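What follows is a single structure, written as structure tokens, with notes after it.
Only the coordinates and a few stated rules stand behind these numbers; no lab work does. Note that the coordinates shown come from a computational prediction; the quantities given were computed from them, not determined experimentally. Here the Cβ is made from the backbone with ideal geometry for all residues, glycine too, and neighbour counts use every protein chain on show.
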Amino acid sequence: MNTSIEFEKKLAAKEAVKLLSDGQTVGLGSGSTAGYAIREIGKLVKNGLQIRAIPTSDHSRDLAASLAIPLVDINSVDTIDITIDGADEFDPSLDLIKGGGGALLREKIVAAMTTDLIIIVDSAKKVEVLGAFKLPIEVIPFASSFVLRRITNLNGEGTVRMAGATEYLTDEGNYIIDATFGPIRDPSSLATELNGIEGLVGHGLFVQMARKVIMGVDSTTKTFEA
Ligand code: 5RP
């Protein structure tokens, strides 16, 4: 574990939870940085913060439950006030690649319902152009070969993510294809192309969704606003 990167993640998480207030519905992201935020939220709840939370993965749900953070069914709310989540890359327009941890489908649904999507990252996640990190794409297993061919048609190259000898399964029981497209200079048009592929249920391009990116850098934080 790179300790300075972990320190930056913790700093970003601590800064982000300052944005929470009583009465909010809060989306809980997934991944190690979001995990730091969930632990901070657990402390705030213990000290009296009154929120209700919606986790983006089974892992985040279990972590939140272990910290006695009140959880609510996503289907019982119309909107989410604020979500704190991580990312694998962000660019100067605050477009993101997410899904390294495989939770992108629920993360994007929660993000789409959220007024203020706050992204927390370490400084290694900042890029000029998205695409060095392989783009995670969630597909129903029945469609995986078909989607792989469509990715090739888009001049990409994908492989099904494995967990040992078998395919990695998401919380929704789907496969992940990790795909490279070279530098993604127009995330919006690639997102549109991917959205049109049958059997592809989600991808990790989050275009114009983040309100703020809070980045830990050395011993401080830097905030980027949309
Ligand atoms: C999970 C995600 C994570 O937020 C992303 O992979 C960043 O993870 P980490 O905070 O561990 O670097 O999108 O699906």
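Within the stretch 102-125, restricting attention to residues that are surrounded by fewer than 20 Cβ atoms within 10 Å (Cβ to Cβ) and away from the ligand (no atom under 13 Å from the Cβ), the residue that is nearest to residue 195 (Cα to Cα) is 112. Given the structure, is residue 5 in contact with a strand residue (DSSP E or B) (Cβ under 6 Å, 6 or more places away or on another chain), farther than 26 Å from residue 76 by Cα and hydrophobic (A, V, I, L, M, F, W, C)? Against the criterion (in contact with a strand residue (DSSP E or B) (Cβ under 6 Å, 6 or more places away or on another chain), farther than 26 Å from residue 76 by Cα and hydrophobic (A, V, I, L, M, F, W, C)), residue 5 qualifies.
Screening the stretch 18-88 for strands (runs of 3 or more DSSP E) wholly inside it with 3 or more residues that are within 13 Å of the ligand (Cβ to nearest atom) returns the ranges 80-85.
For the stretch 197-226, a tally of residues being closer than 21 Å to residue 36 by Cα, among the aliphatic types (A, V, I, L, M) and in contact with a strand residue (DSSP E or B) (Cβ under 6 Å, 6 or more places away or on another chain) returns 4. Is at least one residue of the stretch 92-99 surrounded by fewer than 24 Cβ atoms within 10 Å (Cβ to Cβ), under 27 Å from residue 160 (Cβ atoms) and out of contact with any Ser or Thr (no Cβ under 9 Å at 6 or more places or on another chain)? Among the residues of the stretch 92-99, not one is surrounded by fewer than 24 Cβ atoms within 10 Å (Cβ to Cβ), under 27 Å from residue 160 (Cβ atoms) and out of contact with any Ser or Thr (no Cβ under 9 Å at 6 or more places or on another chain), which makes the answer no.
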